[in-house]
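Asker: Mind having a look at this structure? Questions to follow.
Derivation of every value follows stated rules applied to the coordinates shown; laboratory data play no part. Computed from a predicted model, the values in this text were never measured in an experiment. Cβ atoms come from the backbone with ideal geometry, glycine included; neighbour counts cover every protein chain shown.
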C-alpha cells in the first residue's frame with residue numbers, strides 16, 4: 001500500500017520492495033511466534049527457555065544466506081527471570097557461520113550496550129507495530145551499513161521484547177536492482193530520512209543521502225509528489241531529479 005498512485009514504472013519497484021520486505025519480516029514473524037509460544041502460560045521466561053530461538057536463527061541464517069546477516073530476539077527489561085536484560089541474537093561471521101552476539105548488558109559495565117534506546121527496539125515498543133531501522137552503520141557487528149527489521153512480541157498487553165533480522169544494505173541493493181534497472185526513470189529506494197538503500201542512478205549509492213527531492217521534508221506532507229511511501233513502513237521510492 002502506498003500513499004499516492006504511482007506510475008507503472010514506479011509501481012514495479014514498489015512491488016519488488018514490498019515483496020522483499022515481506023520475505024524478511026516472515027522470518028521475524030516466525031521468531032516472534034516462537035517467543036509468544038514460549039511466553040504463554042504462567043512459567044517465567046529464562047535464557048534456557050529461549051534456546052529454540054537460537055536454533056531457529058541458525059536455520060534462518062543458514063537457509064537465507066546471504067539475504068540475512070543476523071536474527072534473534074531481544075528481551076524487554078525485566079521479562080526474563082534470570083537476566084534483567086538479554087539478547088538472544090545471532091550473526092553470521094565472515095565464513096557465514098552463525099555466532100551468538102555477546103554484548104555488555106550490565107549497566108555498571110564499562111561497555112554497557114543499552115539497546116532500549118535503539119530505534120529498532122523503541123519504535124516497535126512504543127507503536128506496537130513492525131519497523132525497519134536504517135540504513136545505519138552497525139558498529140556492534142559488521143561495521144557496515146545495515147537494516148534491522150523488528151516486530152514487537154507481547155504476552156497479553158505487556159511487551160516481552162522484539163524479534164527481528166539484520167540485512168546488509170548491499171544485499172538490499174542486489175535484491176532491488178533488477179526492478180530498478182527495468183525502468184529508464186531515475187529512482188532510489190530510500191528511508192524516511194532520504195538515506196539510499198538502492199538506486200538505478202550512479203550518483204546515488206548505498207548509504208548516500210538524497211537531497212533532491214528533500215525526502216525528509218516531503219515525508220511530512222499530506223501529498224508528496226515525486227515520493228511514493230509504503231503505508232506501514234518508513235521506506236519509499238523517490239523520483240530523482
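Asker: When the chain is fully extended, how far beyond the present Cα-Cα distance does residue 157 get from residue 62, taking 0.36 nm per residue of separation?
Answerer: That pair, residue 157 and residue 62, stretches by 30.9 nm at full extension.
Asker: Between 59, 231, 221, find the one with the highest GNM mean-square fluctuation for the chain; connect C-alpha pairs within less than 10 Å.
Answerer: 221
Asker: Oh, and also: Using a Gaussian network for the chain with springs between C-alpha atoms less than 10 Å apart, which of these wobbles most: 230, 87, 180?
Answerer: Highest fluctuation among the options: 230.
Asker: Oh, and also: Under a plain spin-label model, where a point goes 7 Å from the Cα along Cα-to-Cβ, how far apart in nm are residue 8 and residue 209?
Answerer: With each label placed 7 Å out from Cα toward Cβ, I get 3.8 nm.
Asker: Another question about this same structure. Taking the chain as a Gaussian network, Cα atoms linked when under 10 Å apart, which of 197, 159, 67 shows the biggest mean-square fluctuation?
Answerer: 159
Asker: Which order do the peptides 103-109, 160-166 come out in when sorted by mean C-beta neighbours inside 10 angstrom, highest first?
Answerer: 160-166, 103-109
Asker: If I take R0 = 30 Å and measure r between the Cβ atoms of residue 127 and residue 95 in this structure, what FRET efficiency does the formula 1/(1 + (r/R0)^6) give, to the nearest 0.05?
Answerer: 0.20
Asker: Taking Cα Rg over 2.2 N^0.38 Å as the quantity of interest, determine which of (1) 1.05; (2) 1.32; (3) 0.98 was computed from the displayed structure.
Answerer: Working out Cα Rg over 2.2 N^0.38 Å from the coordinates points to (1).
Asker: With the contact rule set at Cα under 8 Å and sequence spacing of 6 or more, what percent relative contact order holds for segment 169-238?
Answerer: Once normalised by length, the contact order is 28 percent.
Asker: What is the spread of the Cα atoms of segment 1-86 along each of their three principal axes, largest first, in whole Å?
Answerer: Each principal axis gives a Cα extent; for segment 1-86 these are 53, 29, 20 Å.
Asker: Sequence gap at least 6, Cα distance under 8 Å: using those rules, report the relative contact order of segment 19-165 to the nearest whole percent.
Answerer: 26
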